Amino acid sequence: MSTTELPASHAELMDGVYRWQRHIYDLTRKYYLLGRDRLIDGLEVPAGGTVLELGCGTGRNIILAARRYPDARFFGLDISAEMLETASKAIDREGLSRYVTLARGDATDFDAAALYGIERFDRVFVSYSLSMIPGWEKTVSAALAALSPSGSLHIVDFGQQEGLPNWFRTLLRGWLRKFHVLPRESLREVLESESRRTGATFRFRTLYRGYAWLAVIGKSINAS
C-alpha cells in the first residue's frame, strides 16, 4: 500500500470517524447509500481496462466492480488509514489482491504515477465521497485529469432530495452532519462547468426523487 504526504487535519478526522464505524459501515450504509450498484453497472470497463476509485472506503465498491469486470485492474485511494486497513483485509478475503492496488492519499491532490505507477485510467469513479471532502471541486478536476483520452468519470452522491418531503430532508441532513457529510448543492453546476471546460460530454440524472444524483462525464456514456 502506497502513501503520500496528507493534510493531517482531515486525515485524522476521517480516521477518528471511522476507527470503529468501519466494522459496521457496509452493513448500515447499504440502506441509504443508494445508486452505488447502478454506477458500477454503468462503468462498462473495457477488457484489460484500468479503474480508479477515489474515496474507496471499506473496498465494498471495488470488490463488486472487480467481480463485475474480471479482466480489469483496479486502484483505490482513500485518506483514512483505518478504512484502508478494512479494505485491504476484505480484498484479501475475496482473493482479489492481484487485481486491486490501494493507496493512501488526498483525492483533491494526488500523484497517480507515484502511487500506482500509472498516470491515466479508463474509468474513475467517486461514490458518496464528494459530500465528505473539503474542497471537493478539486477532486472533480483531479479525477478528470487522471482520465485516459477515451475515459469517463462516474459520480454518485446525495442529491438535494428535491422530490421528497421537507421533513425527510431535514432529518436526513441532521443525521448526515453527525458523520461530517454535506450534500453538495452545486454538484450538477460544477460538473457541467468541468465538462464544458474539458470538452467532454455530460450525462446527469436524479434517482429516487432526488435522494441521489448520478453523473457521467466523458466520451463513454452510460448512466442508465
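The values are calculated or read from the model by the stated rules, or taken from the named source; none is laboratory data. Since this is a predicted model, take the numbers as computed values, not measurements. Neighbour counts are summed over all protein chains in view; Cβ atoms, including those assigned to glycine, are modelled from backbone coordinates with ideal geometry. Side chains included, ligands, DNA and RNA excluded: accessible areas come from the protein's heavy atoms. Shrake-Rupley method; radii C 1.70, N 1.55, O 1.52, S 1.80 Å.
Total residues in region 170-205 satisfying the condition of being open to solvent by less than 20 Å² (accessible area, probe 1.4 Å), of a type in the set (A, V, I, L, M, F, W, C) and in a loop (DSSP other than H, G, I, E, B): the figure is 1.
Evaluation of LEU144 against the conditions (1) more than 23 Å from THR58 (Cα to Cα); (2) among the aliphatic types (A, V, I, L, M); (3) surrounded by fewer than 20 Cβ atoms within 10 Å (Cβ to Cβ); (4) at pLDDT 95 or above shows that the sole unmet condition is (3). When ASP157 is tested against (1) open to solvent by 50 Å² or more (accessible area, probe 1.4 Å); (2) touching a residue at least 24 places away in the same chain (Cβ under 8 Å); (3) closer than 26 Å to ASP41 by Cβ, exactly one condition is not met: (1).
For region 47-152, give me every one of the strands (runs of 3 or more DSSP E) that falls completely inside it and has 1 or more residues that are without any contact (Cβ under 8 Å) to a residue 60 or more places away in the chain. Spell out the reasoning first.
Numbers: elements: 50-54, 73-78, 100-104, 121-127.
Passing ranges, in order: 73-78, 100-104.
Any residue at all in region 162-169 that is surrounded by 15 or more Cβ atoms within 10 Å (Cβ to Cβ), in contact with a helix residue (DSSP H, G or I) (Cβ under 6 Å, 6 or more places away or on another chain) and in contact (Cβ under 8 Å) with a residue 12 or more places away in the chain? No, because not a single residue in region 162-169 is surrounded by 15 or more Cβ atoms within 10 Å (Cβ to Cβ), in contact with a helix residue (DSSP H, G or I) (Cβ under 6 Å, 6 or more places away or on another chain) and in contact (Cβ under 8 Å) with a residue 12 or more places away in the chain.
In summary, VAL190 fulfils each of the numbered conditions (1) hydrophobic (A, V, I, L, M, F, W, C); (2) in contact with an Asp or Glu (Cβ under 8 Å, 6 or more places away or on another chain); (3) under 19 Å from VAL45 (Cα atoms) with the single exception of condition (3). For region 126-133, indicate whether the set of residues that are among the hydrophobic types (A, V, I, L, M, F, W, C) and open to solvent by 70 Å² or more (accessible area, probe 1.4 Å) is non-empty. So far as region 126-133 goes, no, none of its residues is among the hydrophobic types (A, V, I, L, M, F, W, C) and open to solvent by 70 Å² or more (accessible area, probe 1.4 Å).
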